[in-house]
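The values are calculated or read from the model by the stated rules, or taken from the named source; none is laboratory data. Note that the structure is a prediction, hence the values are computed from the model and not measured. When we count neighbours, we look across all protein chains shown, and the Cβ atoms used for this are built from the backbone with ideal geometry, even at glycine.
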């Protein structure tokens, strides 16, 4: 062996590239809205060991969100109507990005807006900022009336907004899809045709929780987004449907809380996954799932990661 040779850097067995510069050391990411901007969770979990963090939704202006009560527990999950509360793009750039840059993991910024112009303005401002790897475009929030959801349920509106954003950036564009539509694959196809690099799904299901004694809803907003283990069967079905309809990568989410859950999503076609609600239960769940996946695909006689994705036998 040549003693002057540089040491070989081994690529993680479960490393995955989603294209357009979004390369992940692990397929495990943190889902938007469940870890804020990562500051609190970073004290409980080594975020450098996972694939990436998807930030809380960022809008053009700061937003206080919906009035409380905004969160309630439900059987095998939770329901929320936070209403996209966030610090706004300028404060995000000044106060949150410096911290995110130092995490040692991919940074994907979730973006929300009231109009196409809002989305475009946020992307334009962020595109001049170093240290960001991708944008997840939120077209599917079910608890903000008259905004993202309107775009996310329309094939034409999805195509239009993705087309406009594609003109503004060379960074990876991930489009977050709602299950609250007649055909999620049609929306995914529109996103692909307009220039999206990947799609992520599913966002929360529209749900409701009530108290029969008080005869009142548990949420001030009345309805909200249902997440957690309760929605996993729906999420698996939607990921499988979209995987078989498009050619760009699919990022799966919806009730993932274990190594086994993650493997199921990979099996039905997800190239990577996001963990959301279970972060509230086990703050280090993403690190543990990432390690379990890496251990699995590093074992002898195990199929390679890329060969396992979408290998469901039907």
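Selection of segment 163-179 for residues being farther than 13 Å from residue 140 by Cβ and either without any contact (Cβ under 8 Å) to a residue 24 or more places away in the chain or not in a loop (DSSP other than H, G, I, E, B) (or both) yields 163, 164, 165, 166, 167, 168, 172, 173. The number of residues in segment 180-202 that are within 17 Å of the chain's Cα centre (by Cα), in a loop (DSSP other than H, G, I, E, B) and at pLDDT 95 or above comes to 3. Tell me whether segment 231-245 contains one or more residues that are in contact with a strand residue (DSSP E or B) (Cβ under 8 Å, 6 or more places away or on another chain), touching a residue at least 40 places away in the same chain (Cβ under 8 Å) and part of a loop (DSSP other than H, G, I, E, B). The answer is no; no qualifying residue exists. Among strands (runs of 3 or more DSSP E) entirely within segment 1-120, having at least 1 residues that are buried (at least 21 other Cβ atoms within 10 Å of the Cβ), in contact with a strand residue (DSSP E or B) (Cβ under 8 Å, 6 or more places away or on another chain) and at pLDDT 95 or above singles out 28-30, 52-54, 77-80, 106-111.
Considering 232, 220, 216, which residue is at pLDDT 95 or above and crowded, with 19+ Cβ neighbours inside 10 Å?
Details: 220 fails: crowded, with 19+ Cβ neighbours inside 10 Å; 216 fails: crowded, with 19+ Cβ neighbours inside 10 Å.
Just one listed residue meets the conditions, 232.
Which of the residues spanning segment 246-284 are assigned to a helix (DSSP H, G or I) and closer than 19 Å to residue 46 by Cβ? So that I can check it myself, show each step before the final result.
Kept after step one, since they are assigned to a helix (DSSP H, G or I), are these residues of segment 246-284: 259-267, 277-279.
259, 262, 278, 279, listed by residue number.
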